[in-house]
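This report concerns only the one structure given below.
The values are calculated or read from the model by the stated rules, or taken from the named source; none is laboratory data. These numbers were taken from a predicted model, which means no experiment stands behind them. With ideal geometry, Cβ positions are generated from the backbone for all residues, glycine too; neighbour counts draw on all protein chains shown.
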Amino acid sequence: MRLFFSSGSPFARAVRVALRETGLLPRVEEVETTLRDPRSSLLPHNPVGRVPTLVLADGTALTETALILPFLDTLGGACRLLPPGDLRALADLGRVLGTMDGMAVWNRELRRPAAERSPGVIALEAVRTNRAADALEAEAASGGWALDEPPDAPRIALGCLLGYAERRHRAWTWREGRPALSAWFDAIAARPSFAATIPPVSGI
């Protein structure tokens with residue numbers, strides 16, 4: 001199997017972390033690729049051109065973090081990412097990935113030339129992202145999101161969301177007023193799986 005990824009993508013990073021936490025990495029070749037590029041090495045396998053894309057032995061290409069993480073659970077790894085029947089885990093994963101998607105939209109707007117940015121989109125996604133982060137802070141402060149050993153899919157995704165904010169979306173001062181979430185992130189970021197997949201710093 002081959003996993004196509006971009007080092008700056010939090011969606012792809014979540015799968016890369018999961019491969020390391022489950023012990024499945026030796027069975028998968030990681031292939032860094034370019035995005036929004038007509039010459040991307042990903043396009044012959046996935047014309048959508050999105051990462052992460054996991055190409056199976058028969059050529060089937062799975063796209064989207066929300067699909068790949070449950071698939072990894074079928075491969076007999078060292079731990080499960082989404083325990084069967086755990087609706088809370090599914091709900092948490094969906095909420096984190098939804099927040100990640102909104103932050104990515106916000107980030108893309110900030111990367112446009114100033115005259116092409118949509119203030120309305122930026123304001124909407126900033127409010128949405130902060131609202132979600134405030135809810136996560138309240139949950140972490142009351143004992144929620146305790147770190148499993150190893151972390152499950154929602155916790156991996158949340159670590160990647162905050163890691164993206166830390167290094168790729170620094171326009172958002174997410175730590176301000178969120179001490180519990182900050183401490184939570186510092187703990188999960190110290191895991192070897194996260195240390196091995198740190199995204200490059202962006203100018204945003």
Checklist outcome for this item: Selection from the stretch 70-106 of residues touching a residue at least 40 places away in the same chain (Cβ under 8 Å) and within 17 Å of Ala126 (Cβ to Cβ) yields Thr99, Met100, Met103, Ala104, Trp106
Item to check | Any pair with Cβ under 8 angstrom, 6 or more apart, that starts in the stretch 21-50 at a residue that is more than 26 Å from Pro154 (Cα to Cα) and without any contact (Cβ under 8 Å) to a residue 60 or more places away in the chain and ends at one that is among the small types (Gly, Ala, Ser) and outside any loop (DSSP other than H, G, I, E, B) | outcome: His45/Ala61
Checklist entry - Out of the stretch 79-90, which residues are over 18 Å from Gly159 (Cβ atoms) and in a loop (DSSP other than H, G, I, E, B)? => result Pro83, Pro84, Gly85, Asp86
Checklist outcome for this item: Listed by first then second residue, the pairs whose first member lies in the stretch 190-204 and is surrounded by 13 or more Cβ atoms within 10 Å (Cβ to Cβ), whose partner is among the polar types (S, T, N, Q), with beta carbons under 7 Å and at least 6 positions apart or on separate chains, are Pro199/Ser7; Ile204/Asn107
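Conditions (1) over 11 Å from Met1 (Cβ atoms); (2) of a type in the set (Gly, Ala, Ser), marked per residue:
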site: Val28; (1), (2): no, no
site: Ser40; (1), (2): yes, yes
site: Gly49; (1), (2): yes, yes
site: Pro52; (1), (2): yes, no
Checklist outcome for this item: Over the stretch 56-69, the set of residues more than 18 Å from the chain's Cα centre (by Cα) and in contact (Cβ under 8 Å) with a residue 24 or more places away in the chain is Leu56, Ala57
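Looking at Leu56, Leu3, Leu43, can you tell me which residue is in contact with an Asp or Glu (Cβ under 7 Å, 6 or more places away or on another chain) and over 19 Å from Ala104 (Cα atoms)? Talk me through it step by step, then tell me what you get.
On the way: Leu56 fails: in contact with an Asp or Glu (Cβ under 7 Å, 6 or more places away or on another chain); Leu43 fails: in contact with an Asp or Glu (Cβ under 7 Å, 6 or more places away or on another chain).
On inspection, the qualifying residue turns out to be Leu3.
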Next on the checklist: Being closer than 19 Å to Leu93 by Cα, at pLDDT 95 or above and part of a strand (DSSP E or B): is that true of Leu69 here?
Outcome noted: no
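Taking the options Ala180, Ala146, Ala187, name whichever one is surrounded by 15 or more Cβ atoms within 10 Å (Cβ to Cβ), assigned by TED's automatic domain parsing to the domain that holds Leu110, more than 13 Å from the chain's Cα centre (by Cα) and over 28 Å from Phe4 (Cβ atoms).
Values: Ala146 fails: surrounded by 15 or more Cβ atoms within 10 Å (Cβ to Cβ); Ala187 fails: surrounded by 15 or more Cβ atoms within 10 Å (Cβ to Cβ).
The match here is Ala180.
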